[in-house]
Amino acid sequence: NVIIVNEIHYNPSLNLQGSDADFEFIELYNNSDNPVSLQSWTLQTSNIDFSFSDNVIIEPGNYLLLSRDTGIYQNTIVWGSERLENSSDFIYLYDNVNQLVDIVEYIDNDPWPESADAGGSSLELVDANLDNNIPDNWQASFEIGGTPGYLNYILIFGCTDQDACNYQSDANQNDNSCEYALENYACDGNCITDIDCL
């Protein structure tokens, strides 16, 4: 899909964030190479029926935040005062000719990430190029309140030690795979001491 539901904060933590329903949001993502106008598009859940009346445009690779009328989030489009359901809900996105563009149907327990249910985490999409209605393609956010309007935090396992021979600059979770050169040797096996290693 071109425009996809990328993050859902359906049941924020009452203890961590205050009045929980106030912090609800849905984030859309433009997974294409072209700007997309959402004029006359519609977003529906069991409680929400929102139409984009303005010519809202999402640029390629950018995000659009939708939220309740609470004044908590900046740069957001307000869908009204209605709330997302905590136990299970659907999110349907229709284009201007009423074709279904995207659908996510979540529940608050396994196989969906359970800590997104009042634990402070949002639901974050792992891979925008895969089906976003599959529970395995979602994770609980690593940040309280999620990443509204920003790139999701995706775990990338690998060696995170810059001194290791197999350091991975894009890794953010060390998987204990780091490999190191022997004393007096470089990673390529060449001797690096002033006296010959032999």
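Things worth noting here:
- Residues of the range 35-73 classified as farther than 18 Å from N6 by Cα and touching a Gly at 6+ places or on another chain (Cβ under 8 Å), total: 1
- Within the range 3-55, the only residue that satisfies the criterion of being among the aliphatic types (A, V, I, L, M), modelled with pLDDT under 95 and open to solvent by less than 70 Å² (accessible area, probe 1.4 Å) is A21.
- Every listed requirement among (1) under 17 Å from A21 (Cα atoms); (2) out of contact with any His (no Cβ under 7 Å at 6 or more places or on another chain); (3) in contact (Cβ under 8 Å) with a residue 60 or more places away in the chain is met by G146 save one, (2).
- Scan the range 18-28 for residues that are closer than 13 Å to D102 by Cβ and out of contact with any Gly (no Cβ under 8 Å at 6 or more places or on another chain) and the total you get is 2.
- When the range 70-107 is filtered for residues that are of a type in the set (D, E) and either in contact with a helix residue (DSSP H, G or I) (Cβ under 6 Å, 6 or more places away or on another chain) or open to solvent by 40 Å² or more (accessible area, probe 1.4 Å) (or both), the ones remaining, listed by number, are E82, E85, E105.
- Qualifying residues in the range 113-155 (those that are among the aromatic types (F, W, Y) and surrounded by fewer than 18 Cβ atoms within 10 Å (Cβ to Cβ)) - the one nearest to N15 (Cα to Cα): F142
- Unique match (being over 21 Å from P12 (Cβ atoms), in a loop (DSSP other than H, G, I, E, B), modelled with pLDDT under 90 and touching a strand residue (DSSP E or B) at 6+ places or on another chain (Cβ under 8 Å)) among D170, D196: D170
- Selection of first residues in the range 19-41 that are within 13 Å of Y63 (Cβ to Cβ) and of second residues that are surrounded by 15 or more Cβ atoms within 10 Å (Cβ to Cβ) and of a type in the set (D, E, K, R), restricted to Cβ pairs under 7 Å at least 6 apart or on distinct chains, gives the following pairs, ordered by first then second residue: E27/E7.
- Test: residue in the range 113-122 that is more than 18 Å from P148 (Cβ to Cβ) and under 18 Å from the mean Cα position of the chain (by Cα): yes
The values are calculated or read from the model by the stated rules, or taken from the named source; none is laboratory data. Keep in mind that this is a model prediction, so the values were computed, not measured. No Cβ is skipped: glycine too gets one built from the backbone with ideal geometry, and neighbour counts run over all protein chains shown. Accessible surface areas use protein heavy atoms only, side chains included; no ligands, DNA or RNA. Shrake-Rupley method; radii C 1.70, N 1.55, O 1.52, S 1.80 Å.
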